Amino acid sequence: MGFRLFAAVAFVSGCASPPAGTACNGHDELCARRYDAVVFPGTHDAYSNVANHFGAPDQTYSMTRQLEDGVRVLHLEMQAFDGDVALCHSVCQIGSQLLVDGLTEVRSFLDAHPREVVTLLMESSQVTADEVAAAVKASGLDRYTHAQAMGVPWPTLGELIAKNERAVTLLADLSATGGSSRPWLLDRFAWTWETPWDNESLADFARCDADRGTMGNDLYVVDTYLEDQALATKEEAALVNDNPFLVDRLLHCQSAAGRLPNFVMVNYYEVGDLLADVDVLNGFAVVLDAGASD
């Protein structure tokens, strides 16, 4: 498979800015669209950022800033650390944030932005579902969680907002630690399917199949970040976040899977064209002068 080459890429707004009191995630049109038919911009290892002084960060800004800038999916990894539950990646000693503090950032954003729906794409190691649920409750985020039953159609963004159920929480318990079942703490890989994350070359991004989860699950996750170096850099992020590469990657996966990606996950989201390309896939912008395919 060859990615299309673009002679030029331009984006044209598909609609005027809607009134703040009627828009859903920034667009009136999304209010009537089901959650699983919307494309959302996301950050890989959202907590691992320069602002919070993490070693080997994958993002620049805090999760609060990410949300303010338009990110709507936060990828969170958590481990037991120093007698508590911490957000950290592999080695907590080089950077960590208490899970409850990270979730409080999300709750505070939702408090201040009543027309926004946010998703948490979580995975835990040696942390029970009960501990995760306790942190959700302690942060106050539980007031916003959405319970979704398997086999029931997802609500629209407008319905989630009307019910004030504006936080979708998906958890993968990677170490099978157990805990009580909760209807709002969704089994991540029962609901999602995800492209391979271990991309070490640009050619690897031709892969759009399911690495985790089962192809055909409700929510399609497209990982687009390089894993060829120990430290993620903005320079590497630019290789895959800039157009034409990123928009080609997303359109290729849409074609290969026969459906829209739902969560587009990147490192250093402020580099490149993530937000513009999500607008393209959601139908609020168009790509002009697509050029030839090879």
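ALA135 meets all of the listed conditions (1) assigned to a helix (DSSP H, G or I); (2) within 18 Å of ALA32 (Cβ to Cβ) but one, namely (2).
Where helices (runs of 4 or more DSSP H) fall wholly inside region 207-294, the ranges with 1 or more residues that are under 30 Å from LEU174 (Cα atoms), hydrophobic (A, V, I, L, M, F, W, C) and free of Cβ contacts under 8 Å to residues at least 40 places away in the same chain are 234-241, 245-257.
Going through (1) farther than 30 Å from ALA80 by Cβ; (2) modelled with pLDDT under 95 one by one, TRP197 falls short only on (1). Among residues belonging to region 59-94 that are among the small types (Gly, Ala, Ser) and surrounded by fewer than 18 Cβ atoms within 10 Å (Cβ to Cβ), point out the one that is farthest from GLY272 (Cα to Cα). The extreme case among them is GLY83.
Filter region 183-221 down to the residues that are over 25 Å from HIS146 (Cβ atoms) and not aliphatic (A, V, I, L, M) and list them by number. First the steps, then the outcome.
At the first step, the residues of region 183-221 found to be over 25 Å from HIS146 (Cβ atoms) are 196-209, 211.
Hits for region 183-221 are PRO196, TRP197, ASP198, ASN199, GLU200, SER201, ASP204, PHE205, ARG207, CYS208, ASP209, ASP211.
For region 174-217, the set of residues classified as of a type in the set (Asp, Glu) and under 18 Å from HIS75 (Cβ atoms) consists of ASP187, GLU194, ASP198, ASP211, listed by residue number. Within region 95-152, the set of residues being over 23 Å from PHE54 (Cα atoms), among the acidic types (Asp, Glu) and either surrounded by fewer than 15 Cβ atoms within 10 Å (Cβ to Cβ) or within 17 Å of the chain's Cα centre (by Cα) (or both) comprises ASP111, GLU116, ASP130.
Of LEU76, LEU103, all but one fail to be in a strand (DSSP E or B) and of a type in the set (A, V, I, L, M); the exception is LEU76.
Residues in region 49-61: is at least one among the aromatic types (Phe, Trp, Tyr), in contact (Cβ under 8 Å) with a residue 60 or more places away in the chain and more than 16 Å from SER125 (Cα to Cα)? Write out each step before concluding.
Restricting attention to region 49-61, the residues satisfying the condition of being among the aromatic types (Phe, Trp, Tyr) are 54, 61.
Still in the list and also in contact (Cβ under 8 Å) with a residue 60 or more places away in the chain: 61.
Right, trim to more than 16 Å from SER125 (Cα to Cα) and you get 61.
Checked against the condition, which is being among the aromatic types (Phe, Trp, Tyr), in contact (Cβ under 8 Å) with a residue 60 or more places away in the chain and more than 16 Å from SER125 (Cα to Cα), region 49-61 yields at least one hit.
Comparison of ASP111, ASP45 shows that the only residue that is assigned to a helix (DSSP H, G or I) and farther than 21 Å from ASP130 by Cβ is ASP111. The number of residues in region 154-175 that are part of a loop (DSSP other than H, G, I, E, B) and of a type in the set (Ser, Thr, Tyr) comes to 1. Does ASP209 satisfy the criteria of being among the acidic types (Asp, Glu) and surrounded by 15 or more Cβ atoms within 10 Å (Cβ to Cβ)? So ASP209 does not fit the description; no. Entry remark, region 227-251: residues being crowded, with 19+ Cβ neighbours inside 10 Å and at pLDDT 95 or above number 12 in total. Here are the criteria: (1) without any contact (Cβ under 8 Å) to a residue 60 or more places away in the chain; (2) more than 30 Å from GLY83 (Cα to Cα); (3) of a type in the set (Gly, Ala, Ser); (4) surrounded by 15 or more Cβ atoms within 10 Å (Cβ to Cβ). Tell me which single one GLY158 does not satisfy. (1) is the only condition that GLY158 fails.
Among the residues of region 138-151, are any of a type in the set (Val, Ile, Thr), in contact with a Leu (Cβ under 7 Å, 6 or more places away or on another chain) and not in a loop (DSSP other than H, G, I, E, B)? No.
Residues are listed down the side, and each one gets a yes or a no for (1) surrounded by 16 or more Cβ atoms within 10 Å (Cβ to Cβ); (2) in a strand (DSSP E or B):
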site	(1), (2)
THR177	yes, no
PRO183	no, no
LEU186	yes, yes
TRP193	yes, yes
PHE205	yes, no
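The values are calculated or read from the model by the stated rules, or taken from the named source; none is laboratory data. Small disclaimer: the values here were computed from a predicted structure and weren't measured. Glycine also receives a Cβ, built like all others from the backbone with ideal geometry; neighbour counts cover every protein chain displayed.
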